[in-house]
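Here's the structure, in structure tokens; my notes come after.
The values are calculated or read from the model by the stated rules, or taken from the named source; none is laboratory data. From a predicted model like this one, the values you see are computed outputs, not experimental measurements. Virtual Cβ from ideal backbone geometry, glycine too; neighbours counted across all protein chains shown. All accessible areas refer to the heavy atoms of the entire protein, side chains included, with ligands and DNA or RNA removed. Shrake-Rupley method; radii C 1.70, N 1.55, O 1.52, S 1.80 Å.
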Amino acid sequence: MASTLLRKVWGSVLSRAVPRDPDASASSSSPRRRGAPAAAAAAEYGSLGALDAVPIDVLAQILRLLGPADAARSVAVCRTWRLLASDNALWAFFLSLGPDPWDLVVFAETHLAAGPAQPRRFVYFGTVRVPPQLSFKRIYGQRALVPGSIIVDGGSGYCKYGWSKYAAPSGRCATFLEFGNIESPMYARLRHFFSTIYNRMHVKPSARPIVVALPLCHSDDTEAARASRKQYKETLYSVLFDMNVPAVCAVDQALLALYAARRTSGIVVNIGFNVTSVVPIFQGRVMREIGIETVGQGALKLTGFLKELLQRRNISFESLYTVRTIKEKICYVAADYEAELCKNTQASCEVDGEGWFTLSEERFKMAEILFQPQIGGVRAMALHKAVSLCMDHCYNTEVLRDHSWFKTVVLAGGSSCLPGLPERLEKELHKLLPPYISEGIRVLPPPFGTDTAWFGAKMIGTVSTFSDAWCINKKQFRQKSRHSGSSLVNAWR
């Protein structure tokens, strides 16, 4: 009943619409004064008829209840309604009701709207501060027009794919490295990979843009590595444009994980399937000249070591899938390994089709090889030593006089979701590094778990400037190929 009455009243308001005064500015000073009747504003900006006696605050609430479509239509009524409907707080409210968390929307529109070629000149530290120049009415309208895109995070263990408008990936499949014969050309394998994803999503490649998370490979700053990255990216573009994809956005996986944590600078520690990468990023750019540390163990080594521990206790299981499931359900990282050995840490979990498994010290011994690789017979650098080495390089590189940019560490990758890992890594870094570097270090868990990079890509795929600032189309790609020295090439290298 109340909503029907509200609609009737609103219909009478819209029927009073007058031609818009071309000299009137929506940016004029607002007539709102908290609790004041609308008549005060109407005297200067135009009568609201029967609503003149209604407080401005109540009219603002009416607009919130009616929604963005009617709020946008109200600008044609008179200057008073135009000013009310142009209020930044109103459109911030409408954006906050959308599918994306408000803090992620603010971060994306503040830090990502300029695109990859123009990194912003500041670092985001987590507190949501709304710049006064942001027009949320404009942003709302632009975000509504952004086409839904396909998001593909190839990963290193398995691929996550789905729609940018959805809250989570809609499916998973093998990474492209497992498609086709290893001897097959990269073009053929990528073509098979993307064809499989499009078929599973029941969508034509020509229907939507695509955002692709680029894997962490060929990570050093040598000529050979740069050539390999360029070849991979050009092959990726060629495959997708030959499939008639209208536009492509390709971003480094580590950078996407950092964006998902609402940062533009920091160090991303990605525990991949085979290796762990420690990636320094400054203002949205991977700092390969500083150096990416690569640790020769990842999720596969962790799962393999847990398998070995289970076999030592004569615990039978059918497959590595069972071992991985146990790892994900009850394993963790000890805050103090020696102290943990003296505790009763027994716990059980159920694996579908195989029953219950009970573990004790195996629960934390498995992950300890990240910090003491020799326990598992692994010849690799300890995780905290690799991160501290990267921080030392960052400190000694004159990027900024303020050395705080690299002191936020963001974890990524499925195995980085192990409970206790952020706290243990932060503790070890404080012990290993001198105070002038270790002060202020924070280690953050993956903000979206195993799907962190996918969510970073989703943030880009829904930003108001996505099509213009982040995508490259077939024509631009062909021009880039012909003019390798152009600014476009440098922007997308």
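Descriptive notes on the structure:
- Per DSSP, loop trypsin sites (Lys or Arg not before Pro) in the range 339-385 with at most 12 further Cβ within 10 Å: Lys343, Arg379
- Heavy atoms of the protein chains alone define the surface here; on that basis the range 391-440 has 47 Å² accessible area per residue at 1.4 Å probe size.
- Length added when fully stretched, Ala225-Glu423, from 0.36 nm per residue minus Cα-Cα: 67.9 nm
- Modelled spin labels at Arg64 and Arg172, positioned 7 Å past Cα toward Cβ, are 4.0 nm from each other.
- Per residue, the range 53-97 exposes 36 Å² of accessible surface when a 1.4 Å probe is rolled over the protein heavy atoms with every protein chain present.
- Across Lys307/Lys365; Lys301/Lys365; Lys233/Lys407; Lys160/Lys480; Lys301/Lys327, pairs whose alpha-carbon gap is larger than 23 Å: Lys233/Lys407; Lys160/Lys480
- Sites Thr235 and Arg138, calculated FRET efficiency, Cβ-Cβ separation with R0 30 Å, nearest 0.05: 0.20
- Protein accessible area in the range 53-97, 1.4 Å probe - carbon and sulfur %: 64
- Among the trypsin sites (Lys or Arg not before Pro) in the range 405-490, none is located in a DSSP loop while being surrounded by at most 11 other Cβ atoms within 10 Å of its own Cβ.
- Accessible area per residue for the range 185-235, computed on protein heavy atoms with a 1.4 Å probe, is 53 Å².
- Surface composition of the range 266-419: carbon and sulfur atoms hold 46% of the protein heavy-atom accessible area at a 1.4 Å probe.
- For the range 53-97, relative contact order (Cα pairs under 8 Å, six or more residues apart, normalised by length) works out to 36 percent.
- Accessible area of Glu338 in the full protein assembly, 1.4 Å probe (Å², nearest 10): 120
- Over the range 53-97, volume per residue of the alpha carbon convex hull, in Å³: 65
- Amide N proximity, the range 435-463 versus Ala114 label position 7 Å along Cα-to-Cβ, cut-off under 18 Å: 460, 463
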